[in-house]
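Reviewing the structure listed below.
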Amino acid sequence: MDERLRAARVDRIEAEASEWVIRLGEGSLSPEQERAFAAWRGADPEHDRRFIAIRRTWAEIPALTGLAALAPMERAVVQPVSAAPPPHGRRALFGGLAAIAAAAAAVFVFALPRTPVDPEQHYTTALAQSSRIALPDGSVVTLGARSSIVVRFTGAERRVVLQGGEAFFEIAHQAKRPFLVEAGASLVRDIGTKFDVKLGAGTMHVSVQEGQVQIGPTARADTAAATLRAGQHAEIALARADEERARIAVLPSQAAGAWREGRLVYDNARLADLIADVNRYYAPGARLATPEAGELRITASFRTSEIPAFMNALSATLPVRAEAGPDGVFAIAESRR
């Protein structure tokens, strides 16, 4: 490729990537924008590489206001964007921002106060819905059904609070800025990996797909009570703050994050946790008519579309009765055989 054409292509991609970075910095995207963003990133591997590089650069700049003297920005810069290339005038401005980010990052990382990189952001999903969220550092969170997270990034750490439901994390490594996931009384510290965190019915679960994580109590961020590696799972009682008693078990390799493909997988799990998941995917819902039934253990795998059929067949697996009422709600009671 001619050198001038190559340079023009790079400038165009960096301008488009900068536009997406700015838009994402303003908050979550609409469903249409999410689809456009995903299409743009997937259209060319260079799109994804340039986007991650520019976003990481901005994430390392503690206060973007310090760039005002270098690149005054009109309000039009942060209007909603699409997957199509920006107009010529805006392309030049975004290309300039990318160049400024690359040239000025080293200066501002050390010269400006260590203030938060991004404001606190909240993300939620509805029944049977999921959302893929691109974070400012290049990490990606896939939020499960009926789930909620709060993202708090500062110059010292990257922290996500799982308030309910389930989330799968794909972490961009930053040696000097740890990535922490807070769930219940537990703190999960990433060591460069892909992992799943879920709040169940009185329990917290961590499953590792790649790499490893450390788990410790939130009150002691410097304490690691357990280390999980790829293919391992921890189940922790939410009522306890000491994860030294965390139950660690080897999972089937496909189990971590299997829900992203529409499949729920359980390996010797509490029935109460399974029912909690069912209520995030199945509209009528299910309830435990006898609380003690929730402590029964079950190994199962089924698609979210198969929940009614699975519930109807539950009595063949466990000593319980699962009966659907007129409203479709399943009531599960322990039975004596």
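Computed from the coordinates by the stated procedures, all read-outs in this text should not be read as laboratory data. Please read all numbers here as calculations on a predicted model, not as lab measurements.
Points to keep in mind about this one:
- Stretched out straight at 0.36 nm per residue, the stretch from R49 to D327 would grow longer than its current Cα-Cα span by 95.1 nm.
- Ratio Rg/Rh, restricted to segment 121-250 and using Cα atoms, in which Rh is the Kirkwood radius: 0.93
- Between A230 and H173, the contour length at 0.36 nm per residue exceeds the alpha carbon distance by 18.9 nm.
- Centre separation in Å (Cα based) which lies between segment 135-157 and segment 301-327: 34 Å
- Backbone amide hydrogens, once placed in the peptide plane, bring Q209 within less than 5 Å of K194, F195, D196, G231, excluding anything fewer than 5 places away on its chain.
- Derived scalar couplings between HN and Hα for segment 307-314 equal 4, x, 5, 5, 5, 5, 9, 4 Hz in order, rounded to whole Hz, by the Karplus curve 6.51 cos²θ - 1.76 cosθ + 1.60 (θ = phi - 60°), x for Gly and Pro.
- For L296, residues with placed amide H under 5 Å, excluding near neighbours: L271, A272
- The phi torsions of segment 270-286, fed into the Karplus equation with coefficients 6.51, -1.76 and 1.60 and a -60° offset, translate into couplings of 5, 4, 4, 6, 4, 5, 4, 5, 3, 6, 8, 10, 10, 4, x, x, 8 Hz, rounded to whole numbers, with Gly and Pro shown as x.
- Sequence-distant residues sharing a close amide H with S335 (under 5 Å, placed H): V320, R321
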